[in-house]
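The structure appears below as structure tokens.
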Amino acid sequence: MWSFSNIANNLHKWLSETFNPTMTLIIEMVLAGVAVIGLFAALGLVLVIMERKVSAWMQIRLGPNRVGPKGMLQSLADTLKLLVKEGLTPNGADKLLFNLAPFVAMIVAMLLMAPIAFAKDFQLWDLNIGVLYVSAISSIMVISILMAGWASNNKYSLMGAMRSGAQIVSYELSAGLSILAVVVMTGSLQVSDIIHSQADGWWIFKGHIPMVVAFITFIIAVTAETNRAPFDLAEAESELTAGFHTEYSGMKFALFFLAEYVNVFIVCAIGATLFLGGWMPFHIGNWTQFNHVMDYIPSSIWFFGKTFFLIFVIMWFRWTFPRLRIDQLLNLEWKYLLPISMINLLIVTAMAILKWHF
Amino acid sequence: MITGSTILFYLLAALTLTCGLLSVSTRQIFRAAIYLLFSLIGIAGIYFWLQYEFIAAVQIVVYVGGIVVLIIFSIFLTQQAGEKLPKQKPGRKIFSALAVFCGFALTMVQVYKHEFDFDKTMVSPTMSNIGQNMLSTKEGGYALPFEVISMLLLAAMIGCIVIALRSKPETK
Amino acid sequence: MFITKYIKDVYKGVRSLLVGMKRTLYYFTHHKEIITQQYPDNRDTLVLPERFKGEVVMPHNENNEHRCTGCQACELACPNGTIKVIFKNELTPEGKKKKAIDKLVYHLELCTMCNLCVEACPSDAIKMAQTFEHSVFDRNELTKILNNPGSKIMEGVE
């Protein structure tokens, strides 16, 4: 049957028959890199048009409807525009760091792709600390924003960078705690283990209310971590022009823009993996017949369906809620999300020990 | 023999050392912090190269996500963008170079003196292994250091609160 | 008690957020609510709202007569000097001199469509029209004379 893992295995077989092992490894690494870059480009195009359409429909507008059929090629036109624009570097900027920052953002986003399981047995690197790896690497993300903010030598950029730093550092806590809830249940940090543990039902259903609370906390925290509205203080247009990327233009701006969308995809993929079973089809306990029907839907469709559903939820947040003030933002984290997720983690631990979950 | 693995090691080591050197020799304080960051990432890379992913991830979480961000924040709050630090006196330079050399020599002597036990089969630590060792009170357990560190953090937290709570002098 | 207040706060907050999300989801799924007008395409069928104000005009009847007495109320009411009334002296059939308007100059480029002149007019001589495609290549064309050439004041309007 046609599947991602079949293609990958056949390719690997063919390559190892044709070349020696070192050559095979190098070719496979290059192929993986190209695939990730291709996925990035596709995600950028799809997510931008999706965001614009979703925002338009939620605000009773039509949205882009001129370029291509129903405006579906709008983001392609935008990309072309960004590609041909001049990438300015301001005179007073720290030129090295200013030009380095967008690439750091992009490299971090690429590194985060490694442990994500896109389909059954289709994963770049199934390392044994998968989830910890994700939260570790995503903490480098803030560095690129701080770098951009400082190197621009601009008040707005610096303010945006500082806000973003405070925000990401504090929301990482509750994101980490809600991830821990799943890790406690599974007893493993490995992504494939976590997915396999959900073969008889996803954690959000198996884990009763505490898991739902953890899921909601996770979604709120990652919305804040990716600097999206209602937590977009780092680039609050009405206050800070464009925050940390005020001075960026052309392709360097496009890289930040793309990194933002790719990060949204990644956090949603992680959320789908942890709480909604990743590529695991929707199974209910002992209903063999039902489970069998569900298995006919390819695993990649399950994964992308769940991920895009979460992306839609995050977009839904963005176009519904007004932006928070900085004190409200920190109140929400330190007075509400953190205590709630700590108590929730205690309850989840008790459940895991007493085997109260299904 | 040169294999891909050794090439990778030398690349990572070169990254770590160059960035470390640059971080002490640059005259822009923010760049120093960023070079330090890349140097720490290089060390994390070496841990990944050794296939101790857990330590590598912890290295990134603690040093990159925590300490460097803290350093950058203190730079943001105290320094001005685009300014260069004053040049150091030659005496100071020589002294710090000497101190670095002494520390380096001491470490190298210790490394060469130590008999490394290569016979032990390497175990890739699993999650439950790490967790159990972290909280075990038996020999080789880390319960005591863990608690001592948490005491340190508690003291730091109390200090912060005391500083923040310092009452303002009453105005008439 | 503190804890009950805390839980109540969380409950209220979540509920109000959900109400907002329900509204946007309704708009997201009901595309017939969309209010966007695709203007140049629907130019022929475009229906403007009743109260839309495009420019000031002075209606004339079929005998080329208007209702303006030249009382200058509109000129005084205008907040930014958009309207200027220029007079001429006319001879009535009895040989008496009578003041009448020569030109009512209207600067469209200054007008904010505030409607104060229309409200100030005691004889309903001017009103707001719904035309809005005002772009021209020469800005002098935006200075308009509202009364038609050779027009007269209507009988019986004082």
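How many residues does segment B:27-43 hold that are more than 10 Å from every other protein chain (Cβ to nearest Cβ), over 14 Å from B:I71 (Cβ atoms) and in contact with a helix residue (DSSP H, G or I) (Cβ under 9 Å, 6 or more places away or on another chain)?
Adding up the residues that qualify gives 2.
From the residues in segment B:52-77 that are at the interface with another protein chain (Cβ under 9 Å from one of its Cβ atoms) and touching a residue at least 24 places away in the same chain (Cβ under 8 Å), which one is farthest from A:G149 (Cα to Cα)?
Checking each candidate, the answer is B:F54.
Could you please give the count of residues in segment A:304-332 that are assigned to a helix (DSSP H, G or I) and within 26 Å of A:A56 (Cα to Cα)?
15
State which residue is nearest to the other protein chains (Cβ to nearest Cβ) when the search covers only segment C:1-43 and only residues that are outside any helix (DSSP H, G or I) and within 29 Å of A:I216 (Cα to Cα).
Initially, segment C:1-43 is screened for residues outside any helix (DSSP H, G or I), giving C:1, C:30, C:34-43.
Imposing the further condition that a residue be within 29 Å of A:I216 (Cα to Cα) reduces the set to C:1, C:30.
Numbers: C:M1: 16, C:H30: 9 Å.
This residue is C:H30.
Going through segment C:44-56 one residue at a time, which ones are surrounded by 10 or more Cβ atoms within 10 Å (Cβ to Cβ) and part of a loop (DSSP other than H, G, I, E, B)?
Of segment C:44-56, the ones surrounded by 10 or more Cβ atoms within 10 Å (Cβ to Cβ) are C:46, C:48, C:52-56.
Within segment C:44-56, C:L46, C:L48, C:F52, C:K53, C:G54 meet the criteria.
Criterion first (assigned to a helix (DSSP H, G or I) and within 14 Å of chain C (Cβ to nearest Cβ)) does A:S55 satisfy it?
Judged against the criteria, A:S55 is a match.
Among all residue pairs at least 6 apart or on different chains, which show Cβ distances below 7 Å where the first residue, located in segment A:1-14, is part of a loop (DSSP other than H, G, I, E, B) and the second is of a type in the set (A, V, I, L, M) and at pLDDT 80 or above?
So the pair list comes out empty.
Can you find a residue in segment B:17-32 that is more than 23 Å from A:M147 (Cβ to Cβ) and of a type outside the set (V, I, T)?
Scanning segment B:17-32 turns up no residue that is more than 23 Å from A:M147 (Cβ to Cβ) and of a type outside the set (V, I, T).
Starting from segment A:87-106, take each residue that is within 17 Å of A:I145 (Cβ to Cβ) and modelled with pLDDT of 85 or more and list its partners that are surrounded by 15 or more Cβ atoms within 10 Å (Cβ to Cβ) and basic (K, R), counting only C-beta distances under 6 angstrom and pairs at least six apart or across chains.
A:P102/A:K252
Taking A:L337 and the conditions (1) more than 20 Å from A:S192 (Cβ to Cβ); (2) surrounded by fewer than 17 Cβ atoms within 10 Å (Cβ to Cβ), which numbered condition does it fall short on, given that it satisfies the others?
The number of the failed condition is (2).
For every residue, the table says whether it meets (1) surrounded by fewer than 21 Cβ atoms within 10 Å (Cβ to Cβ); (2) more than 18 Å from A:G243 (Cβ to Cβ); (3) within 11 Å of another protein chain (Cβ to nearest Cβ); (4) aromatic (F, W, Y).
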site: A:L73; (1), (2), (3), (4): yes, yes, no, no
site: A:V84; (1), (2), (3), (4): yes, yes, no, no
site: A:I107; (1), (2), (3), (4): yes, yes, yes, no
site: A:Q123; (1), (2), (3), (4): no, yes, no, no
site: A:I129; (1), (2), (3), (4): no, yes, yes, no
site: A:M141; (1), (2), (3), (4): no, no, yes, no
site: A:A148; (1), (2), (3), (4): no, no, no, no
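Helices (runs of 4 or more DSSP H) wholly in segment B:1-118 with at least 3 residues that are surrounded by fewer than 17 Cβ atoms within 10 Å (Cβ to Cβ) - which ones? Break it down into steps so the answer makes sense when it comes.
Numbers: elements: B:4-25, B:29-49, B:53-59, B:69-78, B:90-113.
Where helices (runs of 4 or more DSSP H) fall fully within segment B:1-118 and carry at least 3 residues being surrounded by fewer than 17 Cβ atoms within 10 Å (Cβ to Cβ), they are B:4-25, B:69-78, B:90-113.
C:I145 versus (1) surrounded by 13 or more Cβ atoms within 10 Å (Cβ to Cβ); (2) out of contact with any strand residue (DSSP E or B) (no Cβ under 6 Å at 6 or more places or on another chain): which is the lone unmet condition?
C:I145 satisfies every listed condition except (2).
When you look at A:V169, is it more than 9 Å from chain B (Cβ to nearest Cβ) and out of contact with any Asp or Glu (no Cβ under 9 Å at 6 or more places or on another chain), yes or no?
No: the conditions fail for A:V169.
The values are calculated or read from the model by the stated rules, or taken from the named source; none is laboratory data. Just so it is clear, the model here is predicted, and its values are computed rather than measured. Cβ atoms come from the backbone with ideal geometry, glycine included; neighbour counts cover every protein chain shown.
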